[in-house]
1. I want the local charge near Glu90. Using Cβ-Cβ distances under 14 Å, sum +1 for each Lys or Arg and -1 for each Asp or Glu among the other residues.
2. Would you please give the residues with an amide H less than 5 Å from that of Arg187, counting only those at least 5 places away or on a separate chain, with H modeled from the backbone geometry?
3. Which order do Arg118, Arg185 fall in if you start with the one that has the fewest other Cβ atoms within 10 Å?
4. 5 Å is the cut-off here: which amide hydrogens, built 1.01 Å from N in the peptide plane, fall below it relative to His125, excluding neighbours closer than 5 in sequence?
5. So how far apart, in nm, are the two label points at Val88 and Ala63 if each is 7 Å from Cα heading toward Cβ?
6. Pull out the extension gain between Ala74 and Ala54, defined as 0.36 nm times the separation in residues minus the alpha carbon to alpha carbon distance; nm, one decimal.
7. Please work out the FRET efficiency for the pair Trp96 and Glu31, using the Cβ-Cβ distance as r and a Förster radius of 22 Å; give the result to the nearest 0.05.
8. Non-local amide H neighbours of Ala54 (under 5 Å, H modeled in plane, Pro and chain starts lacking H): which ones?
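Readers should treat all values here as calculations from the given coordinates under stated rules, not as data from a laboratory. All values reported here derive from a predicted model rather than from experimental measurement. Note that we place each Cβ from the backbone using ideal geometry, even for glycine, and neighbour counts take in every protein chain shown.
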Amino acid sequence: MIYRTMMAGLAGLAFASGAWAHSDAMGVVKERMDAMKAMGEAVKRIKPMMSGEAGYDADAVRAAARAIAGEAGAAMVEKFPEGSGGGVSEALPAVWSDAARFEALARDLEIAARGLERAAGNGPHGAGHMSGGMSGMMGGSSGMMGGMMGGDHMRGAMSVEHIGQMPADGAFVMMTQVCSACHDRFREEK
């Protein structure tokens, strides 16, 4: 129960704003807003499955994860060229003043989304698919999930392969935590 509540809250935090579609946005700013909207919609499609509110569909999870991965990493960074802030953009100046961290989070998002794509076949937590080593990755402050909850991102900590061994809902939580970390530091709330 706590796990589901935590997961639902993280997904909601990561994609709570519906104000991404700005009619005044043009060029690369519009491209990135469209990309963020597409990722948010992908999360919204699978969130009910991850929280147990809808039946689980591994193919739908894979498709959503692929859509997110396709907009993350280098594809995301390319949509934030120097000087493309201000106006209707929700990007904070920290995107450019702390570019290394922004780029690391963009890579982390791609890793987490590709890991979720692999984990889709594992089903959600409790579905009987969790591998033996998962308790160390998910629990306590020394585990991966505990470290993620502490506010740090995944830099070098987990690979696509490691995440792919997790239950799908655990991989989903990791992915939405990366979204939240990026939004907290680099996105202006309007």
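1. Around Glu90, the surrounding residues sum to +1.
2. Amide H neighbours of Arg187, under 5 Å, 5+ apart: Leu92.
3. By the 10 Å Cβ count, ascending: Arg185, Arg118.
4. Amide H neighbours of His125, under 5 Å, 5+ apart: Ala168, Asp169, Gly170.
5. 2.9
6. That pair, Ala74 and Ala54, stretches by 3.9 nm at full extension.
7. Plugging the Cβ-Cβ distance into 1/(1 + (r/R0)^6) gives 0.80.
8. HN-HN under 5 Å from Ala54: Met49.
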